[in-house]
Amino acid sequence: MTRRSAQSRLKHLSNSYARRGLDVAAIHEELMVRRDKTNYVIQSVAHALDVLEQFFGEVDELGVTELSKRLKLHKNNVFRLLATLEARSYIEQNKATENYRLGIKCLHLGRRYIHHMGLVRQARPILIDLARKCRESAYVAIVRRDGVVPLEAAEAEERAVRITPPIGITLPLHCSAAGKAHLAFDAEEQLKSALPEMLKRYTDRTIVDRAALLAQLEAVARDGYAVDSGEFTEEVSSVAVPIRDYTRSVVGSVAVAGPTYRIGPERITSEIAPSLLDAGRELSHRLGYNE
């Protein structure tokens, strides 16, 4: 195509776009941006990401030969990519099989994403629905150091007397329902192992003996939910269940709180616990957990 014919073709396209009410300059600018961005793609980085993406789905481990076939790259190139990713803990090698699998850094990134982008956003509509069903305040909390911190809450607006969850305030693990849910379902038992023999007392109902608390946590694990009956704050009770993500790890807890005179054993069993368990399953499902 000659320069004159190319200019004629461009003018024809411009007139065609203009007749359809399209912004020719904007279209041209968008195309230039798209083209310019492709110029910044670094092939080695793209190949490294291709390696990580081979582990999506049902595959747990892959060898160099299989990765080479999948990526259509030479084995030496694949090995160098794996060595780089392994050095940064994004990939690790199974010494028994000599195959490779995703490393701990991938888990850390995934959990940070859920924390920043997923948990609170996904929890908000569930909390609103839970507060409506139970007619009590509901909140979602996560573990921070030696306590649990409520991140988001929904209150039962129709209640004249209601509990306002302490957003951003650390609650003790051993005498809050949200904390007990983490303790009971902590698969690695790191939280339990850090508990002292004598626990801090907050009210007359606080369990201060470690052995007695561990016995209660066994019941929590069996029932699927934890209860705090005025153990942290006088005349305030709460019930909580764990939240899991796609790694099957406990990443938070969802709780219902209200005055002790309204939250008794019978109401917990018949109304609050079933609603909480449903909410915990729904939120865990939204975070990628499959039972």
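The values are calculated or read from the model by the stated rules, or taken from the named source; none is laboratory data. Just so it is clear, the model here is predicted, and its values are computed rather than measured. A quick note on method: Cβ atoms are made from the backbone with ideal geometry, for glycine too, and the neighbour counts reach across all protein chains shown.
What number of residues within the range 119-155 satisfy the criterion of being under 19 Å from the mean Cα position of the chain (by Cα) and within 30 Å of residue 193 (Cα to Cα)?
18
Can you tell which of 92, 61, 66 is touching a residue at least 24 places away in the same chain (Cβ under 8 Å) and among the charged types (D, E, K, R)?
From the options 92, 61, 66, the qualifying one is 61.
Could you list, in sequence order, all residues of the range 124-147 that are more than 22 Å from residue 263 (Cβ to Cβ) and either at pLDDT 95 or above or among the aliphatic types (A, V, I, L, M) (or both)?
Passing the criteria: 142, 143.
So, in the range 138-186, of the ones that are of a type outside the set (Phe, Trp, Tyr) and in a helix (DSSP H, G or I), which residue ends up farthest from residue 275 (Cα to Cα)?
Filtering first and then ranking leaves 183.
Would you pick out the residues in the range 48-106 that are touching a Gly at 6+ places or on another chain (Cβ under 9 Å) and either of a type in the set (Phe, Trp, Tyr) or under 28 Å from residue 288 (Cα atoms) (or both)?
85, 86, 88, 89, 90, 91, 92, 99, 100
What pairs come out if I take residues in the range 247-275 that are within 21 Å of residue 183 (Cα to Cα) and pair them with residues that are assigned to a loop (DSSP other than H, G, I, E, B) whose C-beta lies under 6 Å away, six or more apart or interchain?
The qualifying pairs are 251/245; 256/136; 257/163; 273/225.
Quick one: would you say residue 197 is farther than 19 Å from residue 256 by Cβ and either within 19 Å of the chain's Cα centre (by Cα) or among the basic types (Lys, Arg) (or both)? Quick ask: steps written out before the conclusion?
Working: farther than 19 Å from residue 256 by Cβ: yes; either within 19 Å of the chain's Cα centre (by Cα) or among the basic types (Lys, Arg) (or both): no.
Here the answer is no, as residue 197 does not meet what is asked.
Does the range 56-73 include one or more residues that are under 30 Å from residue 251 (Cα atoms), modelled with pLDDT of 90 or more and touching a Leu at 6+ places or on another chain (Cβ under 8 Å)? Can you show your working first?
Step one: list which residues in the range 56-73 are under 30 Å from residue 251 (Cα atoms), which gives 56-62.
Cutting the leftovers down to modelled with pLDDT of 90 or more gives us 61-62.
Checking the rest, the ones that are also touching a Leu at 6+ places or on another chain (Cβ under 8 Å) come to none.
The answer is no; no qualifying residue exists.
Condition test on residue 95, is it buried (at least 17 other Cβ atoms within 10 Å of the Cβ) and among the basic types (Lys, Arg)? Lay out the reasoning, then the answer.
Numbers: buried (at least 17 other Cβ atoms within 10 Å of the Cβ): no; among the basic types (Lys, Arg): yes.
In short, no.
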